[in-house]
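All remarks here apply to the structure that follows.
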Amino acid sequence: MDGLVVFYCETNMKFPTWFPFPSSWLNAVLLLFLTVATSYISDKLFDVGFNFSEFADSPEPFILFGVVALLSPIPVIALFHHFIHLGIGKMAPKLQSPEIGKVKGFLPGLISWWEGLQSWLVMSVSTLSMIGIATVTYRFFNIDFSPTASIIHGNEDGFMGLLGISWLVCAAYLYQVAHLVERRLMAIASKTRNVRYNGLNE
């Protein structure tokens, strides 16, 4: 999902590189909604795998469906990215990222699949970071996860708010790092082309 507004922001405004650009925050928010949607899909795939394993009395179906469930966000995000840029290309072509090119058809292109993989990695790292923060901080909110507790006691709203904010911040910074690395590589490639061009003209 990189490139929705990043080029517009870089062209018209100046932001410090140490703080995520608006596009990074936008991508993090979009990914949060996609994480909720794909978690529902993954949960259903796990259920299907479990039912097949019970029917076949074998763990293989559950393992196979589990792998598919864990990787399912990649094609979902790739499709989302493809159709987002398909719409941008038709309604607001000036906002289209140059590397995306002309998007057409119903199947995601290479860039969309790459964004799906990148966003899946961002989703995974952000979720693991959130779990780590939850493990360290849940006692400060008097949260009780004991098996005997019928409900979660303590300041549940504050705890969930902290986890949500930590997930968004982590995702935004990961998108920011990815964008800065991409911009650095593009600058190096441009400099290399200029050096080769000047060398040929000498």
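The values are calculated or read from the model by the stated rules, or taken from the named source; none is laboratory data. As the structure is a computational prediction, the values presented were derived from the model and not from experiment. Note that we place each Cβ from the backbone using ideal geometry, even for glycine, and neighbour counts take in every protein chain shown. Remember, those area values only see protein heavy atoms, side chains included, never the ligands or the DNA or RNA. Shrake-Rupley method; radii C 1.70, N 1.55, O 1.52, S 1.80 Å.
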Exercise. Round to the nearest 10 and report in Å² the accessible area of ASP43, as given by a 1.4 Å probe over the protein chains' heavy atoms.
Key: 80 Å²
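Leaving ligands, DNA and RNA out of it, rank GLU182, GLU54, GLU115 by accessible area with a 1.4 Å probe, largest first. Before the final figure, lay out each step's value.
Details: GLU182 55, GLU54 120, GLU115 10 Å².
Reading off the accessible areas and sorting them downward yields GLU54, GLU182, GLU115.
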Practice problem: Would you tell me the accessible area of TRP114, worked out with a 1.4 angstrom probe on the heavy atoms of the protein chains, in Å² to the nearest 10? | Solution: 150 Å²
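How long is the gain from LEU64 to ASP43 if the chain were fully straight, where each residue apart is worth 0.36 nm and the alpha carbon distance is subtracted?
On the way: separation 21, 0.36 × 21 = 7.56 nm, distance 1.37 nm.
Extra length available between LEU64 and ASP43 comes to 6.2 nm.
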Quiz item: What FRET efficiency would be calculated for the residue pair PHE83, VAL169, taking the C-beta separation as r and a Förster radius of 30 Å, to the nearest 0.05?
Solution: 0.65
Self-check item: Where labels lie 7 Å past Cα in the beta-carbon direction, separation of ALA56 and THR135 in nm
Solution: 3.2 nm
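Please find the FRET efficiency linking VAL36 to LEU117, where r is the Cβ-Cβ separation and R0 is fixed at 25 Å, and quote it to the nearest 0.05. Walk me through the intermediate numbers first.
Numbers: r = 20 Å, r/R0 = 0.78.
Result of the calculation: an efficiency of 0.80.
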Practice problem: Under 15 Å from the Cβ of GLY49, count the other residues' Cβ atoms, weight Lys and Arg +1, Asp and Glu -1, and hand me the total. | Solution: -4
